[in-house]
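> Provided herewith is a single structure, encoded as C-alpha cells, for subsequent inquiry.
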Amino acid sequence: MEEPRAKTAAALVIGNELLSGKVEEANVAVLARTLRALGVQLRRVVTILDDKDEISREVRALSQAHDWLFTSGGVGPTHDDVTIEAVAAAFGVGVVVSAPMEQMLRDHYGERITPGHLRMALIPEGAHLEATEEVRWPTVRIENTWVMPGIPEVFRMKLPVVVARIGDGAPPFVSRAVYTRMDEGDLKPLLDDVVARFPDVDVGSYPKWLDPSYKTKLTFDGRDVARVDAARDALIALLPSGEPQRLG
C-alpha cells in the first residue's frame, strides 16, 4: 500500500533585525525538527522585513500552497509589530480585541498596563486561541496559519501547543547517518547508486572541514523506517574496507 502523502508546512520569518544582521534567526531549525517528529515536511522558509503589505502577500501565498504556515516575529507592542494586521489582511478579515487575552494582560501587568501592552491582545477576526493546560498563554491561529512570536525562548515554549493540536498520528520522519573519511567526489558514484535504488529516501551529503574524525556525513531520511535503514545499509555495503567511521 502506498504511503500517504506527508503534510507540508512553510515558515514566514519576519523582522528587519534578521535581514540587517542585528539578530540571528534561531526558530526555523527547532520548528523543522518539531514538525518532522509529527510527519510534517517543512518545504519552504521565507524571511522578510516588517512590511505589512509584503507580509500579507506572503501569508496568502504560503498558506494556500501548504497544509500549515507558521509565522515568526512581529507580534509585540511596538510600531514595527505589524504581523497581526498583515495576517488579518491576508485572510480578508479585520482586527479585533481578544477579551481573554486583554484580561490576561491586565492580570499580568496590573497598574503598569499601557496601550502598547494592550496591542498584544489584538487578533484577526475569527482566529482561534490555542493553549493547553501546560501552556496557558494562547497562540493565535487563523485557519491553517499559526502566528508565533519571534523571541526564540517564547517560540520554543509555544511548540508543545502546536504538537498537541496538529499531531494526528502520522508516521514521523526518521533519519540515519553515516560518517566517513571519504571525500564527496569519491562518494558520488556510490551515492548515485543508492539514490537510484531508493527514490523514496532523501539522501544527503555534507562535508566537514577541520574535523579529524570524519570528512563527510551522509544522511538518509524518510517515513518508512525499513526503507531508510535499507538505503543506509546499501551505502555501507558499497564503502571500502575501514569505512564507515561511525553511524548516527
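> Taking one equal scatterer on every alpha-carbon of the chain, how large is log10 of I(q)/I(0) by Debye at q = 0.11 1/Å?
Each listed q corresponds, in turn, to -0.70.
> Counting each DSSP H run of 4 or more residues in the chain as -39500 (n - 2.57), what helix-only mean residue ellipticity at 222 nm follows after dividing by all residues, to the nearest 500 deg cm²/dmol?
One gets -11500 deg cm²/dmol as the mean residue ellipticity at 222 nm.
> Mind jotting down the three principal axis lengths of segment 1-59 based on Cα atoms? Whole angstrom, largest first.
So the three principal-axis extents are 48, 24, 10 Å.
> Tell me, how many Å apart are the Cα centres for segment 149-188 and for segment 5-31?
With segment 149-188 and segment 5-31 each reduced to a Cα centre, they are spaced 14 Å.
> With the Cα gyration tensor of segment 174-247 in hand, convert its eigenvalues to equivalent ellipsoid semi-axes via √(5λ) and list them largest first in whole Å.
The three semi-axes for segment 174-247 are 20, 12, 11 Å.
> So for segment 1-115, what percent of the C-alpha to C-alpha distances run longer than 26 Å?
Tail of P(r) above 26 Å: 33 percent of Cα pairs.
> Moving on. What does the charge dipole of segment 1-138 about its Cα centre add up to, to the nearest 20 debye, if the Cβ of each Lys and Arg holds +1 and the Cβ of each Asp and Glu holds -1?
That gives segment 1-138 a dipole magnitude of about 280 debye.
Read-outs throughout are calculated quantities, based only on the coordinates presented, and are distinct from any laboratory measurement. Every value quoted in this text rests on a predicted model; they were computed, and no experiment measured them. Using ideal geometry, Cβ is built from the backbone for each residue, glycine included, and neighbour counts are taken over all protein chains shown.
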